[in-house]
Amino acid sequence: MKILVVGNGAREHAIVHSLAAEPVTVGVTHELHAAPGNPGMGAQARLHAVDPDDGGAVATLATSLGADLVVVGPEAPLVAGVADAVRDAGIPVFGPSAEAARLEGSKAFAKEVMATANVPTAMAHVCTTLDEVAAALDAFGPPFVVKDDGLAAGKGVVVTSDRDAALEHARASLVARGDAGTVVVEEYLDGPEVSLFCLCDGSTVVPLVPAQDFKRVGDDDAGPNTGGMGAYTPLDWAPAGLVGEVVDRIAQPTVDEMARRGTPFSGVLYVGLALTSRGTRVVEFNVRFGDPEIQAVLARLRTPLSGVLLAAAQGGLAQLEPLTWTDDAVVNVVVASQGYPESPRKGDPITGIDAAAALDGVHVLHAGTAVDDGALVSAGGRVLSVVGRGDDLAAARAASYAGVALIDLPGSHHRTDIALKAERGEVAVP
């Protein structure tokens with residue numbers, strides 16, 4: 001197939017990496033393209049300098065290529081309607097419409113859908129003034145959870161016991177969006193968090209395997225939230241039957257409700273969960289694969305990804321054979337630039353990627369990279385994902401961190417405890 005992947009991060013590189021591996025697994029060679037892509041993706045796909053948020057430009061490119069499938073990776077193009085433009089051009093596309101993408105584009109809209117569909121989630125107040133925020137904070141008490149209603153690149157949520165800090169985040173979010181400013185204040189959910197990606201074609205839901213990510217910048221969950229500093233799978237500590245419960249109680253009712261509203265959901269519904277003392281609760285919905293979790297999840301997928309994505313795009317998930325997975329463990333460690341997440345430094349040289357990728361069970365995915373005068377340099381906050389595979393979490397962690405140790409990026413930082421508690425058997429569901 002001719003496949004165009006839209007986006008330029010590690011999520012999109014993970015998709016390209018999986019598609020490029022299919023000649024080895026099933027003997028099928030694809031013609032891969034990426035818009036705009038990144039230097040790492042350029043080794044496996046032809047890159048096109050197209051604005052990923054410009055639906056018309058993406059549709060024109062896909063038409064000129066004769067693409068059989070377009071995969072829209074990031075949330076911003078989906079909310080902007082890029083998938084709609086591609087569908088209007090008559091090309092199968094993996095990704096929801098702009099209307100359906102409101103499940104991520106608006107936290108308030110997602111809460112409304114969940115309420116109608118009887119999906120278990122945190123209690124919440126939707127606030128448009130700082131006085132409303134203050135009242136909601138006092139109603140719930142600490143720890144305080146404040147979410148920007150719109151897209152914020154994974155950094156729009158503050159969880160803190162400091163009421164002033166919670167108010168300041170709410171104030172900044174309201175001011176940034178002007179008259180449209182809205183924030184959601186929620187009750188705090190205890191228990192470990194889980195990410196489950198559910199593929200949808202408007203009616204059928206097919207889950208992937210669950211993963212867990214690490215949002216705080218520092219070890220032991222210290223420091224501010226980030227887009228994600230690492231992830232792992234499988235979750236041996238998760239309750240038996242969790243995936244089935246999420247599909248039956250959360251994903252399928254949500255997809256059914258979206259269809260009832262006339263805005264069928266096709267693509268991936270990212271269900272962020274908290275396994276609380278009162279049961280499974282939705283923390284948030286996203287409408288795209290999560291980064292850094294998908295880098296780990298796709299590394300375990302045996303079923304060819306191209307056929308799965310095409311089935312979702314064409315309404316054929318019900319006819320798909322059950323997905324198959326490897327039994328090994330995968331750990332993804334993110335290497336971030338100096339100053340991330342507050343003020344990431346760009347332009348630093350990156351070396352050692354080839355040496356890391358040469359290790360057994362390791363591959364490296366690009367996120368924030370660029371080529372400057374022939375040299376690979378950092379170009380964003382999260383720069384690389386180093387993915388390690390092993391027979392168990394200990395082996396997967398060892399592989400990933402061995403790869404990280406071979407990479408040199410001046411001033412860079414990474415967490416040293418990705419999957420450590422799970423490896424030690426220290427993750428518990430209340």
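The values are calculated or read from the model by the stated rules, or taken from the named source; none is laboratory data. As the structure is a computational prediction, the values presented were derived from the model and not from experiment. Glycine gets a Cβ as well: all are built from the backbone with ideal geometry, and neighbour counts include every protein chain shown.
Restrict the check to region 406-415 and report whether at least one residue is among the small types (G, A, S), assigned by TED's automatic domain parsing to the domain that holds L235 and either free of Cβ contacts under 8 Å to residues at least 12 places away in the same chain or assigned to a strand (DSSP E or B) (or both).
First, the residues of region 406-415 that are among the small types (G, A, S): 411-412.
Now restrict to residues that are assigned by TED's automatic domain parsing to the domain that holds L235: 411-412.
The next check asks that each one be either free of Cβ contacts under 8 Å to residues at least 12 places away in the same chain or assigned to a strand (DSSP E or B) (or both); those that pass are none.
Scanning region 406-415 turns up no residue that is among the small types (G, A, S), assigned by TED's automatic domain parsing to the domain that holds L235 and either free of Cβ contacts under 8 Å to residues at least 12 places away in the same chain or assigned to a strand (DSSP E or B) (or both).
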Pairs under 7 Å by beta carbon, first residue touching a residue at least 40 places away in the same chain (Cβ under 8 Å) in region 36-50, partner assigned to a loop (DSSP other than H, G, I, E, B), six or more apart or different chains?
N38/N8; A45/G37
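Within region 371-430, track down each residue that is basic (K, R) and surrounded by fewer than 17 Cβ atoms within 10 Å (Cβ to Cβ).
Start the filter on region 371-430 by keeping residues that are basic (K, R), which leaves 382, 389, 397, 415, 421, 424.
The answer is K421, R424.
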Of all the strands (runs of 3 or more DSSP E) wholly in region 139-231, which have at least 2 residues that are touching a helix residue (DSSP H, G or I) at 6+ places or on another chain (Cβ under 7 Å) and in contact (Cβ under 8 Å) with a residue 24 or more places away in the chain?
144-148, 183-186, 193-201, 205-207
When S306 is evaluated against the numbered criteria (1) closer than 21 Å to G95 by Cα; (2) small (G, A, S); (3) crowded, with 24+ Cβ neighbours inside 10 Å, which criterion, by number, is the only one it fails?
(3)
Among the residues of region 105-117, is any of a type in the set (A, V, I, L, M, F, W, C) and under 19 Å from the mean Cα position of the chain (by Cα)?
yes
Looking at region 372-382, is at least one residue assigned by TED's automatic domain parsing to the domain that holds Y401, under 24 Å from D417 (Cα atoms) and either of a type in the set (K, R) or modelled with pLDDT under 95 (or both)?
yes
Taking region 32-53 as the region of interest, how many residues are under 16 Å from D84 (Cα atoms) and surrounded by fewer than 17 Cβ atoms within 10 Å (Cβ to Cβ)?
2
Inter-residue pairs, beta-carbon under 8 Å, first on the phi > 0 side of the Ramachandran plot and in region 357-369, second not in a strand (DSSP E or B), 6+ apart
G361/A395; G361/A396; G361/A399
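Name every residue in region 174-205 that is hydrophobic (A, V, I, L, M, F, W, C) and over 30 Å from Q314 (Cα atoms), in order of residue number. Before the answer, list the steps.
Of the residues in region 174-205, the ones hydrophobic (A, V, I, L, M, F, W, C) are 174-176, 180, 183-185, 189, 194, 196-200, 205.
Correct list: L174, V175, A176, A180, V183, V184, V185, L189.
Is it the case that some residue within region 59-67 is under 30 Å from D354 (Cα atoms) and buried (at least 24 other Cβ atoms within 10 Å of the Cβ)?
No, because not a single residue in region 59-67 is under 30 Å from D354 (Cα atoms) and buried (at least 24 other Cβ atoms within 10 Å of the Cβ).
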Exactly one of A35, A83 is within 24 Å of the chain's Cα centre (by Cα), over 20 Å from D201 (Cα atoms) and outside the structural domain of L301 (by TED's automatic domain parsing), and that one is A35
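Any idea which residue in region 202-243 is surrounded by the most Cβ atoms within 10 Å (Cβ to Cβ), counting only those that are within 30 Å of G262 (Cβ to Cβ) and touching a strand residue (DSSP E or B) at 6+ places or on another chain (Cβ under 8 Å)? First the steps, then the outcome.
Restricting attention to region 202-243, the residues satisfying the condition of being within 30 Å of G262 (Cβ to Cβ) are 202-208, 243.
Remaining after also requiring touching a strand residue (DSSP E or B) at 6+ places or on another chain (Cβ under 8 Å): 202, 205-208, 243.
Details: G202: 17, V205: 22, V206: 20, P207: 18, L208: 24, V243: 18.
Looking at the filtered set, the residue picked out is L208.
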For region 244-275, which positions are among the β-branched types (V, I, T) and touching a strand residue (DSSP E or B) at 6+ places or on another chain (Cβ under 9 Å)?
V246, V247, I250, T254, V255, V268, V271
Out of everything in region 284-304 that is in contact with a Ser or Thr (Cβ under 9 Å, 6 or more places away or on another chain) and assigned to a loop (DSSP other than H, G, I, E, B), what residue ends up being nearest to V334 (Cα to Cα)?
P292
For region 330-353, name all the residues that are in contact with a helix residue (DSSP H, G or I) (Cβ under 9 Å, 6 or more places away or on another chain) and closer than 25 Å to G73 by Cβ.
V330, V331, N332, V333, V334, V335, I353
